[in-house]
Amino acid sequence: AYVKFEYDPSETWDGASLQVTVASSRSGGDTAWYNTPSTYEVKVYGVDSASWSESSLTFNSANSSTQGWGLDTSTWPWVPDSGTLLGTIDIPTLTSTIGNTYSLSGDDLDTFLNADSDGDVTFFMVRTDTRTGDNLTFASKEHGTYAGPTLRQYSTSCAYPIGYRANGGSGTVP
């Protein structure tokens, strides 16, 4: 999954949180209890380029080694050509997680956001298991029930949601 955000590049990030909400989760692989993973491990990479558009992004364009945000598909799990691993979001599989929000935060995320000079970043999220029959979907901004991905800046007094830019949307810190 690719998600891009736009924010004021002069913002100083301290306590940032990338949040995603599970829209669907289904185990379609082996149903034997001993083969069912207890979590989906979702690695999150950050790329300081957001030079793609949702309307034109395809597997072939994402697989281009000429893009800073392109994928290296020569190994599994796929990783962005120039991505920085920011951490992992673990999504439980043994209970219903639909509608639950999970987040990634920490010094690596803050450092990545503070190092970006133009306020346009892409996050690439990939499940690391190889269970091809399983399905995990995060809500997009177009989802009718659940919130799309958010990037939040926490302070001692409040949290500021940062809207993500896809299909022409944008967001800034208030």
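Among the residues of segment 68-98, those that are open to solvent by 30 Å² or more (accessible area, probe 1.4 Å), in contact with a strand residue (DSSP E or B) (Cβ under 8 Å, 6 or more places away or on another chain) and β-branched (V, I, T) comprise V79, T84, T88, T93, I98. Would you please list the contacts, defined by Cβ atoms under 8 Å and residues six or more apart or on different chains, that run from a residue in segment 71-99 that is of a type in the set (A, V, I, L, M, F, W, C) to a residue that is part of a loop (DSSP other than H, G, I, E, B)? Partner pairs satisfying both residue conditions: L71/N63; L71/W78; L71/D81; W76/T130; L86/G106; I91/T97; L94/T36; L94/S38. Is it the case, given these coordinates, that L113 is hydrophobic (A, V, I, L, M, F, W, C) and within 26 Å of T75 (Cβ to Cβ)? So L113 fails the test. Filtered by the rule that a residue be at pLDDT 95 or above, more than 13 Å from the chain's Cα centre (by Cα) and among the aliphatic types (A, V, I, L, M), segment 74-114 gives a lone residue, L113.
Within segment 126-134, does at least one residue satisfy the condition of being modelled with pLDDT under 90, open to solvent by less than 60 Å² (accessible area, probe 1.4 Å) and of a type in the set (A, V, I, L, M, F, W, C)? There is at least one residue in segment 126-134 that is modelled with pLDDT under 90, open to solvent by less than 60 Å² (accessible area, probe 1.4 Å) and of a type in the set (A, V, I, L, M, F, W, C). Residues of segment 48-68 include none that is out of contact with any Pro (no Cβ under 7 Å at 6 or more places or on another chain), at pLDDT 80 or above and of a type in the set (V, I, T).
The values are calculated or read from the model by the stated rules, or taken from the named source; none is laboratory data. What you are looking at is a predicted structure, and each value in this text was computed from that prediction instead of being measured. Positions of Cβ are backbone-derived with ideal geometry, glycine not excepted, and every protein chain shown enters the neighbour counts. Note: areas computed on protein heavy atoms with side chains; ligands, DNA, RNA excluded. Shrake-Rupley method; radii C 1.70, N 1.55, O 1.52, S 1.80 Å.
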